[in-house]
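Written below as structure tokens is the structure these notes are about.
Only the coordinates and a few stated rules stand behind these numbers; no lab work does. Computed from a predicted model, the values in this text were never measured in an experiment. Here Cβ is always computed from backbone atoms with ideal geometry, including for glycine, and neighbour counts include all displayed protein chains.
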Amino acid sequence: MIQSAQVASKFTLFTHHAKTFPDLVTALRNSMLRAGVFKDEKTAEEQVVSVLNFDIHLAKNFKGKRYVERVTECIPVEDKNEYTFEHRKEKTLEGKLDKFMDNATYYFTKSTNRELYKHVNILEYHDGEYILTNKISDANIKEMINNMDETDAEEFAKFVQKHWNTKVKQFEEETEKAQKTETKKRGRKTKTEVES
């Protein structure tokens with residue numbers, strides 16, 4: 001499932017019985033390790049996180065009614081190079097050593113405690129109604145609009161504007177271009193166009 005989601009399709013749907021989003025990531029990571037696809041936990045987890053965009057978690061109440069309890073977005077954390085070269089500005093050996101230790105501490109923190117993803121609930125079910133709790137990330141909004149027809153994209157852009165007070169840049173730019181571009185007529189000019 002993880003491999004086909006990476007290369008073979010626009011989207012992949014699958015079911016799982018994890019109770020929380022971190023449990024889902026851990027279970028999929030462990031399945032990949034058991035299957036022998038990966039030997040390193042972090043690498044396996046990176047692959048899982050790169051595929052999971054949204055988790056739609058279903059629940060069942062005591063009467064047996066199934067409902068969507070929450071929709072969670074998975075946001076991979078980008079690995080940024082935040083090392084500094086400020087040791088070159090230092091005049092003393094002690095200052096240079098302090099800067100080196102800062103970089104070394106950052107390196108070991110990244111190597112041992114690196115966060116691979118954040119997860120945020122977009123939609124939650126509370127007291128019989130659905131409540132939007134967090135905005136969908138800009139990257140996923142852009143991807144979603146790229147896969148919609150014009151009418152759906154326009155409606156989704158309005159939804160994003162209304163609920164999260166965010167203008168969809170890509171959609172805004174296309175609208176502005178369309179308004180600025182005049183349609184050019186082909187063929188001969190009409191009599192009124194020639195006279196004026």
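Here are the numbers for the structure shown:
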quantity	calculated
Intensity falloff of segment 1-99 expressed as log10 I(q)/I(0), Debye formula with alpha-carbon point scatterers, at q = 0.11, 0.16, 0.18, 0.22 Å⁻¹	-0.52, -0.78, -0.89, -1.17
Sequence ranges 68-74, 130-136, 144-150, ranked by mean other-Cβ count within 10 angstrom, highest first	68-74, 130-136, 144-150
